[in-house]
Amino acid sequence: MKVKVKEIPRDGLQINKILKAEELGIVDEDLKVISPLKMQGEVRRAQDAVIADVVVAAKYEFVCARCLEPVVAERKDDFKVYIDIEPKTEVVDLGEEVRQEMLVTIPPIVLCKEDCKGLCPSCGANLNLEKCKCPKDRRS
């Protein structure tokens, strides 16, 4: 999402957009977004920077770290983005900065439920759905 620096009014520019993940350069390999991204906020210009306070809300699909089942979660994240500019800077790309912030805030581990039992390491059974079929001496 590119913003022309000269078009940012003194009292700030309001943002209220609905975007596809691809418009911010987000691909499924990075983060699987399954709804449009709702971006709201304000962009202000300081002497040598553009500052954006942005809230991004969307629905995402993750993979449970224990049982590998899909997990759908809605998230609403607040970002404060600073972009240093030169006097000759005409356009800033807020989309790239927001994309980077979104990728950094991805939780490293997502569980389908707090007490997820995971997979049997021997037979691969999803222990949330079925009992392990391994012989008793191989069960974990």
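Just a few scattered comments:
- Inter-residue pairs, beta-carbon under 6 Å, first basic (Lys, Arg) and in segment 33-53, second outside any strand (DSSP E or B), 6+ apart: Arg44/Gly12; Arg45/Ile8
- Residue match in segment 21-28 (condition: part of a strand (DSSP E or B) and crowded, with 16+ Cβ neighbours inside 10 Å): no
- Matching residues in segment 32-79 - criterion: being under 30 Å from Glu90 (Cα atoms) and either of a type in the set (Asp, Glu) or part of a loop (DSSP other than H, G, I, E, B) (or both): Pro36, Glu42, Ala46, Gln47, Asp48, Asp53, Asp77, Asp78
- Selection within segment 101-114 - surrounded by 14 or more Cβ atoms within 10 Å (Cβ to Cβ) and under 16 Å from Ala21 (Cα atoms): Glu101, Met102
- Output for segment 1-20, where each listed residue is assigned to a helix (DSSP H, G or I) and in contact with a strand residue (DSSP E or B) (Cβ under 8 Å, 6 or more places away or on another chain): Val5, Glu7
The rows are residues; the columns are (1) of a type outside the set (D, E, K, R); (2) in contact with a Leu (Cβ under 8 Å, 6 or more places away or on another chain); (3) surrounded by 13 or more Cβ atoms within 10 Å (Cβ to Cβ); (4) within 18 Å of Pro107 (Cα to Cα).
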| site | (1), (2), (3), (4) |
| --- | --- |
| Gln14 | yes, no, no, no |
| Val43 | yes, yes, yes, no |
| Ala46 | yes, no, no, no |
| Ala52 | yes, yes, yes, no |
| Cys67 | yes, yes, yes, yes |
| Lys76 | no, no, no, yes |
| Val81 | yes, yes, yes, no |
| Pro87 | yes, no, no, no |
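- Complete set of residues in segment 82-140 that are over 30 Å from Val27 (Cβ atoms) and not in a loop (DSSP other than H, G, I, E, B): Lys136, Asp137, Arg138
- Failed item, numbered, when Gly124 is tested on (1) closer than 30 Å to Lys4 by Cβ; (2) out of contact with any strand residue (DSSP E or B) (no Cβ under 6 Å at 6 or more places or on another chain): (1)
- Boolean, Lys32 is out of contact with any Ser or Thr (no Cβ under 9 Å at 6 or more places or on another chain), farther than 30 Å from Asn126 by Cα and not polar (S, T, N, Q): no
All of the numbers you see were taken from the coordinates with simple rules; none came from a lab. Since we're looking at a predicted model, the values are computed, not measured. For neighbour counting, all protein chains shown are included, and Cβ atoms are generated from backbone atoms with ideal geometry for every residue, glycine included.
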